[in-house]
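Encoded as structure tokens, the structure appears first; notes follow it.
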Amino acid sequence: MLNGLGTGATLILNGLLIAGPATVSNLQLTIIHCTLIDGLHSGEHASDAHITISESISGPLRLNAEIDGLTISDSIIDAAPHQSDKHRYAIAADDAGGAGPRATLTRTTVLGMVSLYELAEASDCLFSEQVRVQRIETGMVRYSYLAADSQTPPGFRCQPDPATTASLPLMSTRYGDTGYARLSRECPRTISAGAESGSEMGAYHNLFQLQREVNLQGVIDEYLPYGLEAGLFFHS
């Protein structure tokens, strides 16, 4: 259990692999560069807890709506890290899909369904399964991919566009695989270049993969010996 010494206590976890279930209660928790295989649960008397997850991988989050808030950035949240079937809740209050807390997500990939009381903002995110938000009068979703039949606050430049058939092809959804949560090479440009910056949506946004490819293509001919041809070959 991750428990504070009292209201307002702060705990920072950096660079850890936590294999067992973790329960948070009554503290400000910051998780950076960590992997939580079995995710995170809110315990009793957690109304003062605020959870911040950054540049991490986590299993399912089971956080009740009464906690102070949830902030996630540059991370992967996975409903079932060791299974290919993601038709479970990645973020919710319980396994049945009760509404989780007020949340803000940025450059995050969510593998599984999401149930929240309020979504303050989702920006440059990928949601592989349905997102259901109870309070849709406030908040916004921008430059993100939303699965069909999602119920969210108003969206801005989200995918798939109703006029297209863009899908979300991933290399792998199994934790530990080389292409885990990575967009496939066949992914539509509306997604692979659909973030506000022109990079890809989701947890791998900051790799700026597309921009690096364009820059390399722009200089490769200049340094290529005469009579040779070059191409790009991707390892994964």
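Looking at Asp85, Asp94, which is the one that is surrounded by fewer than 20 Cβ atoms within 10 Å (Cβ to Cβ) and out of contact with any strand residue (DSSP E or B) (no Cβ under 8 Å at 6 or more places or on another chain)? Before you say what the answer is, go through the steps one by one.
Numbers: Asp94 fails: out of contact with any strand residue (DSSP E or B) (no Cβ under 8 Å at 6 or more places or on another chain).
Of the residues listed, the single one that is surrounded by fewer than 20 Cβ atoms within 10 Å (Cβ to Cβ) and out of contact with any strand residue (DSSP E or B) (no Cβ under 8 Å at 6 or more places or on another chain) is Asp85.
Would you tally the residues in segment 122-139 being buried (at least 17 other Cβ atoms within 10 Å of the Cβ), at pLDDT 95 or above and not polar (S, T, N, Q)? Steps first, answer last, please.
As a first pass, look at segment 122-139 and keep what is buried (at least 17 other Cβ atoms within 10 Å of the Cβ): 122-133, 139.
Right, trim to at pLDDT 95 or above and you get 122-127, 131-133, 139.
Filter again for not polar (S, T, N, Q), leaving 122, 124-127, 131-133, 139.
The qualifying residues number 9.
Got a number for residues in segment 28-70 being among the β-branched types (Val, Ile, Thr) and surrounded by fewer than 18 Cβ atoms within 10 Å (Cβ to Cβ)?
So the answer is 5.
Filter segment 140-181 down to residues that are at pLDDT 90 or above and among the hydrophobic types (A, V, I, L, M, F, W, C) and give me whichever is farthest from Gly112 (Cα to Cα).
Taking the candidates together, the pick is Phe156.
Just to be sure before I move on: is Thr152 more than 22 Å from Ser199 (Cα to Cα), in contact with a Pro (Cβ under 7 Å, 6 or more places away or on another chain), open to solvent by 20 Å² or more (accessible area, probe 1.4 Å) and polar (S, T, N, Q) in the structure I sent? Outline the logic, then answer.
Working: more than 22 Å from Ser199 (Cα to Cα): yes; in contact with a Pro (Cβ under 7 Å, 6 or more places away or on another chain): no; open to solvent by 20 Å² or more (accessible area, probe 1.4 Å): yes; polar (S, T, N, Q): yes.
So Thr152 does not fit the description; no.
Just give me the residues in segment 40-64 being in contact with a Lys or Arg (Cβ under 9 Å, 6 or more places away or on another chain) and either over 16 Å from Val114 (Cα atoms) or not in a loop (DSSP other than H, G, I, E, B) (or both), in sequence order.
First pass over segment 40-64, keeping only residues in contact with a Lys or Arg (Cβ under 9 Å, 6 or more places away or on another chain): 40-42, 60.
Listed by number, the residues that qualify are Leu40, His41, Ser42.
Of all residues in segment 185-209 being in a loop (DSSP other than H, G, I, E, B), at pLDDT 90 or above and not hydrophobic (A, V, I, L, M, F, W, C), which is most open to solvent (accessible area, probe 1.4 Å)? So that I can check it myself, show each step before the final result.
We begin by selecting, within segment 185-209, every residue in a loop (DSSP other than H, G, I, E, B); these are 185-188, 193-204, 208.
When the remaining residues are screened for being at pLDDT 90 or above, the result is 193-204.
From what's left, not hydrophobic (A, V, I, L, M, F, W, C): 194, 196-200, 202, 204.
On the way: Gly194: 13, Glu196: 104, Ser197: 63, Gly198: 26, Ser199: 1, Glu200: 19, Gly202: 0, Tyr204: 55 Å².
Only one residue fits best here, namely Glu196.
The values are calculated or read from the model by the stated rules, or taken from the named source; none is laboratory data. Bear in mind the structure is a predicted one, so any value in this text is a computation, not a measurement. Neighbour counts are summed over all protein chains in view; Cβ atoms, including those assigned to glycine, are modelled from backbone coordinates with ideal geometry. All accessible areas refer to the heavy atoms of the entire protein, side chains included, with ligands and DNA or RNA removed. Shrake-Rupley method; radii C 1.70, N 1.55, O 1.52, S 1.80 Å.
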